[in-house]
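Visitor: Shown below is the structure under consideration.
The values are calculated or read from the model by the stated rules, or taken from the named source; none is laboratory data. From a predicted model like this one, the values you see are computed outputs, not experimental measurements. Ideal geometry is used to build each Cβ from the backbone, glycine not excepted, and the neighbour counts take in all protein chains shown.
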Amino acid sequence: MVTSGKASLRFQVASDQALMVCFDAPAKKNGAKAPPLQNQITKEAHEQVRRLLRSVEMEPIAGVRNLHPAYCSLLIKFDALKLRHEELEEIVRGYIDRMEKVRLPEPRLIEIPVCYGGEYGPDLKDVAELHGMTADAASELHASTPYIVYFLGFAPGFAYLGEVAEELATPRLPSPRKSVPAGSVGLAGRQTGVYPIATPGGWRLVGRTPLKMFQPDRAEMSLLALGDRVRFVPISREQFAKAELENA
Amino acid sequence: MSLIEVRAPGLLTTVQDLGREGFGPMGVSPSGAADPVALRIGNRLVGNADGAAGLEMTLLGGTFVFPERAEIALTGADFHATLDDTAVVWWRSAEVRTGQTLRMGPTRSGARCYLCVRGGIDVKLFLGSASTHLLSGLGGFEGRALRKGDVLKIGVAGGSFRTFRKRSVAARALAQLAPRKVLRVTAGPQSDWFSEETQKSFYAGTYRVAEESNRMGLRLEGAAIASTVGGEMISEGVSLGAVQITAGGLPIILFVEQQTTGGYPKIANVISADLSSLGQLRPRDEIRFELVELETTRALLVEQEKMLASKELILG
């Protein structure tokens, strides 16, 4: 079932208990070329996702089990014994019609200290060289850009931040690392983010923060939430060591 | 308070309940039992609520000592177990006398077995659930698989039971719940990224479950599947049982410890009524996919739930 709605609104069956709401370009047909990925990541779509998520969180829908926001979509998992896709689509359309009136909280500005390069950012040199700049220039550029938290996914507290300056955009590593240390700041295309826990990962590592991105015993478990603004602040190795001691 | 002492943990034994849904916006995976139907029935057999926490064992079971009397049930794959010298029968409640040892062996059928105990396994809840999420080290018993020497607490109800109740599962229900090797799927959100021919070969093909499969995903080996669009897509939310096609063309079925979002196109999605079967797949098992209509999936789910809710499910 693919139904078309307003210009950029699309509903899609993801599974027998999940409905995808997309605020993006229409689906590609067989053989057609995919639109360039980056063209789909827009602030407008993000704003829609944020509004819809907020609406459903404030006024929960009976039978809905989970919400998975992303760049320009919201996956809604539900109990198929209580809801059907068509019914849920109808309800969500109602939310979308009303969501312009939803008051979104002011975005918080969160500063994340980062020690760039060296053992903390083993890929910084390569990233800089690829773009014909010095490592210092690359880290300065990464830190001078304000980022939006588009969504959290992949792992608890992992925020997808965008957009990295075009001059710094770098594809993922050809083969992912088996383990990326917690706190590592990575780049992938025009996305950047901080690994909250040690996991395998394919993003280019440019630095590391001493902050804990996700802590189960903290009132706000995740340091970042969808819609927040983030700025990276370069710190020295000494500052990193000191902060790490304080956080321990 | 009653306890369980872990003498041998088995290959991979974790505390699991029915998972923590509702925290997708924080990137938190639901986790939970890989075969939730087996866990639910195990809990019924010992008089627990469906969602009580039990132990999920993988391929090789552990050895456990019960310092006090307890009531247990083993469900899911048959790992062969003895209580001191007596064999324990699967899908039945069993009385454990003070000081007895439960010894489990390697699997004789599927991948996972569940040890349910009256009162449930008592661990500190994380976001409302006892389920372990191994990758993030959250939930369950210290966020990890059990080790030799661990001591688990049994919930309060377990300490106060007086008379043991003999319960078993209706044979008809068990036949209905037998794990499937032909997994029924609905079309995935990016099924139109794959040509008709490719889809035909996907549904005609046999896939083998790879060794590297785990609770995050089942990696499959077989004929590679190429998308007509190619490459990665923009990350979006992913549902349980989604069949992703990786850059190399091999499918990965997202499983209970799945990441919440992903960037690979999804050709299909395993239906809810067959998710428990995924939990019983072992490395080297051969599977196939069968496309069904959305209406069918609902009917199958209703049928499964009806059977689980039926008064005739548990005898005794």
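Visitor: Select from segment B:112-135 the residues that are surrounded by fewer than 24 Cβ atoms within 10 Å (Cβ to Cβ) and at negative phi and write down the one among them that is farthest from the chain's Cα centre (by Cα).
Guide: That would be B:Lys124.
Visitor: Out of all the residues in segment B:234-243, which are modelled with pLDDT under 95 and more than 7 Å from chain A (Cβ to nearest Cβ)?
Guide: In the first step, residues of segment B:234-243 are kept if they are modelled with pLDDT under 95; the result is B:234-236.
Scanning segment B:234-243 gives no hits.
Visitor: Within segment B:142-196, take every residue that is of a type outside the set (A, V, I, L, M, F, W, C), more than 20 Å from B:Ala70 (Cα to Cα) and touching a Lys or Arg at 6+ places or on another chain (Cβ under 6 Å) and give me the one that is surrounded by the most Cβ atoms within 10 Å (Cβ to Cβ).
Guide: Restricting to residues being of a type outside the set (A, V, I, L, M, F, W, C), more than 20 Å from B:Ala70 (Cα to Cα) and touching a Lys or Arg at 6+ places or on another chain (Cβ under 6 Å), the top hit is B:Pro189.
Visitor: Somewhere in segment B:52-59, is a residue outside the structural domain of B:Phe255 (by TED's automatic domain parsing), surrounded by fewer than 18 Cβ atoms within 10 Å (Cβ to Cβ) and more than 17 Å from B:Gly139 (Cα to Cα)?
Guide: We begin by selecting, within segment B:52-59, every residue outside the structural domain of B:Phe255 (by TED's automatic domain parsing); these are B:52-59.
When the remaining residues are screened for being surrounded by fewer than 18 Cβ atoms within 10 Å (Cβ to Cβ), the result is B:59.
The next check asks that each one be more than 17 Å from B:Gly139 (Cα to Cα); those that pass are B:59.
Yes, segment B:52-59 contains at least one residue that is outside the structural domain of B:Phe255 (by TED's automatic domain parsing), surrounded by fewer than 18 Cβ atoms within 10 Å (Cβ to Cβ) and more than 17 Å from B:Gly139 (Cα to Cα).
Visitor: Which condition number in (1) under 12 Å from the mean Cα position of the chain (by Cα); (2) within 14 Å of chain B (Cβ to nearest Cβ); (3) at pLDDT 95 or above is the one that A:Ala188 fails?
Guide: (3)
Visitor: Give me the strands (runs of 3 or more DSSP E) completely within segment A:61-158, filtered to those with at least 1 residues that are within 12 Å of chain B (Cβ to nearest Cβ) and of a type in the set (Ser, Thr, Tyr), ordered by residue number. Steps first, please.
Guide: Numbers: elements: A:64-69, A:73-78, A:109-116, A:147-152.
Result: A:73-78, A:147-152.
Visitor: Among all residue pairs at least 6 apart or on different chains, which show Cβ distances below 7 Å where the first residue, located in segment B:131-156, is assigned by TED's automatic domain parsing to the domain that holds B:Ala70 and free of Cβ contacts under 8 Å to residues at least 60 places away in the same chain and the second is surrounded by fewer than 18 Cβ atoms within 10 Å (Cβ to Cβ) and among the charged types (D, E, K, R)?
Guide: That search, which allows pairs on different chains as well, returns B:Gly137/B:Arg144.
Visitor: Now for a different question. Those residues that are at pLDDT 95 or above and touching a strand residue (DSSP E or B) at 6+ places or on another chain (Cβ under 7 Å), I need them from segment B:178-190; list them, please.
Guide: B:Lys181, B:Val182, B:Leu183, B:Arg184, B:Val185, B:Thr186, B:Ala187, B:Gly188
Visitor: Could you give every pair whose Cβ atoms fall below 9 Å, whose first residue belongs to segment B:1-21 and is free of Cβ contacts under 8 Å to residues at least 60 places away in the same chain, and whose second residue is in a loop (DSSP other than H, G, I, E, B) and surrounded by 17 or more Cβ atoms within 10 Å (Cβ to Cβ), counting only separations of at least 6 or pairs across chains?
Guide: As it stands, the answer is B:Leu11/B:Leu59; B:Leu11/B:Gly61; B:Leu11/B:Gly62; B:Leu11/B:Ala145; B:Glu21/B:Pro30; B:Glu21/B:Gly32, since those pairs meet every condition given.
Visitor: Further question on the same structure: Are there strands (runs of 3 or more DSSP E) fully within segment A:174-248 with at least 3 residues that are among the charged types (D, E, K, R)? List them. Write out each step before concluding.
Guide: On the way: elements: A:177-180, A:184-188, A:191-194, A:199-201, A:204-208, A:229-234.
Fully inside segment A:174-248 and qualifying: nothing.
Visitor: As an exercise: evaluate A:Ser222 against (1) of a type in the set (S, T, N, Q); (2) more than 14 Å from chain B (Cβ to nearest Cβ); (3) touching a helix residue (DSSP H, G or I) at 6+ places or on another chain (Cβ under 6 Å) and give the number of the one condition it does not meet.
Guide: (2)
Visitor: Among the candidates B:Lys148, B:Lys124, B:Lys153, B:Lys166, single out the residue that is within 14 Å of another protein chain (Cβ to nearest Cβ), not small (Gly, Ala, Ser) and not in a helix (DSSP H, G or I).
Guide: Values: B:Lys148 fails: within 14 Å of another protein chain (Cβ to nearest Cβ); B:Lys153 fails: within 14 Å of another protein chain (Cβ to nearest Cβ); B:Lys166 fails: within 14 Å of another protein chain (Cβ to nearest Cβ).
After applying the criteria, what remains is B:Lys124.
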